[in-house]
Amino acid sequence: MQIRYVELKNVKSHREGCFHFSPGITVLSGPNGSGKSTLFEAIGYALFGVDARDFVGKADRFLSIGAKKGEVVVGFQTDDGASWRVSRSLGSGAKWLLARQTEEDFEVEEHANAQETETRLKELLGLSSNRSLAEQFKQIIGPFQHDFLGPFVIKSPTERQKAFDVTLGIDTWRQTYEGTSRLQSLLLQRIGTLNTEITLQQEQVAPLPDKVAEQKRLTALLEERKTLLQSQQKTLAQFVNQLQGMEKKKQQLDALTAAINQLSERLKAGEDKIALQKQRVAEAEASRTLVEETRSGKAVYDQAEERLKQLRIGEKHRLDAQQQVTALEKQIIGLRQGIDHETREVDAIRQQIEQDQASLQKLRQQLEPPPDLVEEASRLAERQKNLEDKQAQKALLEGRRQSLEEGREKLSGGLCPFFQEPCLNIAGKPAQDVFSLQLEDLDRQSASLAQAIKKLADEVARASVAQQKQAALTVRQQEWRKQLEQLEERRKYLGQRTERLAERQPALAELEQTLQQKQAALAEFANLDNEIAAAEQERSRHQSQRDLHVAHLQTASDLQARIQTLRQYEDFWDTLNQEQQTKKEELRLGQSAYDAEEHQRCRSERDRLLSVNAALEQETKGIGVDLQRVGLEVEKLRTIEAEIRDRQNRVQRLLEKEALVKFLRNGVFKQVSSRLSERFRHEISQRADRIYRTIAGADEELYWGENYQVILRDMVDGQVRERSDDQLSGGQTMSAVVSLRLALLQTIGARIAFFDEPTSNLDAERRENLAQAFRAIDIGQEEVTSHWYDQLFLVSHDVAFTEITDQVIELGDA
């Protein structure tokens, strides 16, 4: 795997740049602030998905000053020769895209989210899929300069072990061991709970044998009572059959007696109806005579009634005409008043419009802006842009001056500020000569920019004032146009009201003509009241004869029907009388075949048998209820017995599970974590020791001990001496950490690595040895280690690395 190039746009000090890399060791060199570390950070951001806030605290500080958006593009080649390009933008709406090179261009892979993109990059880079790319970069592949020693110098052994277990991917076993402790406790707690429940249930099922014996006794007693009840029910059935025959005869005799009594009542009622019907026939004959006598008077009354109806219709028409005339008079008065009022309103509005028109014409001349004001305001945007450009240039000059001042202060003694030794880059030259000319040039540029900025600021202020005045006039012009539009709307409204006023005059004339027509029609009803009075007088003279005629007309018309009904009543009475005689003969014959005393004796015996059977049924039902109760109790106790067996089985299964968890915790999880740690530490220690011996140039053994403690062993006075932590010098600690990190990178299979100032705290000899160690790794020198990486990136000021590197990239001022 090889990183081919990196493209930067608006990333910290890099406004725009492209860097190409070759295989092997690449050294980035340049003064402080030139963007060497930024290049590493950009690779971590785009290729490994590191959050920009991990580099600078706030994401917007990862962008160049003044920029809103930026982008990092990393081109790389995988082991199969395929070319890929990953890009990740900066700013709002950032995107992370992965594309593969085809014959003509790059084709972007479709990923649903950033997680899919990260998974695909892990596969292409050949890194662990269990940990995020960002964590692998920050902890192993490209640790930040201030985190280089990182977990190696953590004082707490427990915290240091946790950190490296995560780095090596074996923390899962330790977490599993700790997590299963709770599971084991829960299993033992559940077993105790089940045993308690089993003890309580065993006490509940103790009465079960007694309940089973009681159930058998009640079953036998129930069968005995059922047999006796069946015998009594058969005897009762015989008496019931005999009694039913007697009851039937008794019912027949009672029915005949009731029928005879009913017929007697109906015959008496028939006699009353016949007498009443004869009276109604006489009344109908008298009504017929009276109807014939009043027929002529009723005819005269009807004629007067019909004439009066016609006159009432005329009276209603007269009332409608009077109401219409009144309504028309009111409408005409209202319309005349409205016309007069509208005429006055229209004249007032017309006069006001003419006055407002004159005022607006005068105001229009006052709102025209002077030409010199318009020209001054139009230059504001251009002057603001020029001012911002000058201010940005001055800020960059101030940043460069600050960097030069810091460099001059550090180099004032002629020593390298990083290595605290004579600087080879300025050997034989006065320290002041390196910065003086640059600082003087920066001061001249800064003074010139300050004068230009002051002049531009004054021009911007004048243009801003002119623009504000022009804006005020524009606002007043807009208000004038609104007033003019409102005046036109009022003029249109005046025209509409004038048209509506003209339309009302014809309507008024039409209403006056209609009023005259209605008044003429009303005069036709002048004699109507006299005609109504004459008709009412004629009707009153014949009112009594008409009332008598109407009152007796219905009765007279019913004469024939009443005679027919009388004849039907008389025939039906004869039929009922014959039926009564027949029923009396049937009653006499039935009474001779019925014995009342025998009937009563059978009833008494039936009642006695019913009482006996009811007592037996009640007793049988009580025994059944007791048997059902005992059966439910037995069933419930047997259910509890089954629950006891089930809980005992569950206890056995839980005991087996608890034993398995105990075995896994103590025999597997606890041992695997420590054994994996031991294996990794042993393998990494062997590789790191060979590298360390090359760097240190001393007969010291580097060993990665328990809890990942850095230990150096050597011989003093024939005894093995071990030193760690605070017993080691800064150079020894840095040499050991560099060695362990190189060995760790080889162990996890990383093909690229980044080292930012790895020679910090190392003396000249160790730095030289470290450079040779990197070259030995690069060529696969057997006594150091095999060649395991494709690319190694270093940030260093040390000239020793220029001799062993495959590529040196010099970065100038940002």
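For the chain, the longest principal axis of the Cα atoms and the long axis of helix 596-664 meet at an angle of about 10 degrees. Largest first, the three principal axis extents of the alpha carbons in the range 546-607 are 80, 28, 11 Å in whole numbers.
For the listed peptides 347-354, 736-743, a ranking on the average number of other beta carbons within 10 Å per residue, highest first, reads 736-743, 347-354.
With a ≥ b ≥ c the root eigenvalues of the C-alpha gyration tensor of the range 678-738, is it rounded (a/c under 1.5), prolate (a/b larger than b/c) or oblate?
Working: a/c = 1.35, a/b = 1.23, b/c = 1.10.
Here the range 678-738 falls in the rounded category.
When both the range 216-286 and the range 371-390 are represented by their alpha-carbon centers, they are found 124 Å apart. Angle of helix 171-204 to the longest C-alpha principal axis of the chain, folded into 0 to 90 degrees and rounded to 10: 40°.
Would you mind checking the tilt of helix 528-541 against the longest principal axis of the Cα atoms of the chain, expressed as 0 to 90 degrees and rounded to 10? Taking Cα atoms only, the helix is inclined about 50 degrees. Applying the criteria of a DSSP loop state and at most 10 other Cβ atoms within 10 Å to the chymotrypsin sites (Phe, Trp or Tyr not before Pro) of the range 556-605 yields no site. Which pairs, out of 250/583; 226/636; 390/455, put more than 22 Å between their alpha-carbon atoms? Those over the limit are 226/636. Adding -39500 (n - 2.57) for every DSSP H run of four residues or longer, then dividing by how many residues the chain holds, sets the calculated 222 nm ellipticity at -25000 deg cm²/dmol. For a straight C-alpha distance cut-off of 28 angstrom, the lysines reachable from residue 482 (same-chain residues fewer than eight places away being disregarded) are 362, 469, 492.
3J(HN,Hα) along the range 35-47, derived from phi through the Karplus expression 6.51 cos²θ - 1.76 cosθ + 1.60 where θ = phi - 60°, amounts to x, 5, 5, 4, 5, 4, 4, 5, 5, x, 5, 8, 8 Hz, with x in place of Gly and Pro. The candidate values are (i) 3, 14, 24, 25, 18, 10, 5, 2, 0; (ii) 2, 11, 16, 18, 16, 14, 11, 7, 4, 1, 0, 0; (iii) 2, 7, 9, 9, 7, 6, 5, 6, 6, 7, 8, 9, 8, 6, 4, 2, 0, 0; the one derived from this structure for P(r) over Cα pairs in 10 Å bins from 0, in percent carries the label (iii). On the chain, 49 percent of the accessible area sits on carbon and sulfur atoms, based on a 1.4 Å probe.
Shape class of the range 181-315 from the Cα gyration tensor (axes a ≥ b ≥ c, square roots of the eigenvalues): oblate, since a/c reaches 1.5 or more and a/b does not exceed b/c.
Residues with beta-carbon under 11 Å from that of residue 145, excluding residue 145: net charge, scoring Lys, Arg +1 and Asp, Glu -1? In short, -3. Take the Cα of residue 505, step 7 Å toward its Cβ, do the same at residue 747, and the gap between the two points is 11.4 nm. The Cα center of the range 11-85 and the Cα center of the range 657-718 differ in position by 36 Å.
What number comes out for the charge environment of residue 340, summing +1 per Lys or Arg and -1 per Asp or Glu over other residues with Cβ under 12 Å away? Show your work: numbers first, answer last.
On the way: positive: 336, 344, 504; negative: 342, 345, 347.
Around residue 340, the surrounding residues sum to 0.
Based on every Cα atom in the range 430-536, Rg and the maximum pairwise Cα distance Dmax equal 45.8, 151 Å.
Add +1 for every Lys or Arg and -1 for every Asp or Glu among the other residues with Cβ under 11 Å from the Cβ of residue 566, and state the total.
On the way: positive: 273, 278, 280, 562, 567; negative: 570, 571.
Once all neighbours under 11 Å are counted, the net charge is +3.
A probe of 1.4 angstrom, applied to the heavy atoms of all protein chains, finds residue 437 with accessible area near 130 square angstrom. Per residue, the chain exposes 59 Å² of accessible surface when a 1.4 Å probe is rolled over the protein heavy atoms with every protein chain present.
The values are calculated or read from the model by the stated rules, or taken from the named source; none is laboratory data. All values reported here derive from a predicted model rather than from experimental measurement. Cβ: placed from backbone, ideal geometry, glycine included. Neighbour counts: every protein chain shown. We work out accessible area using only protein heavy atoms, side chains counted, and drop any ligands, DNA or RNA first. Shrake-Rupley method; radii C 1.70, N 1.55, O 1.52, S 1.80 Å.
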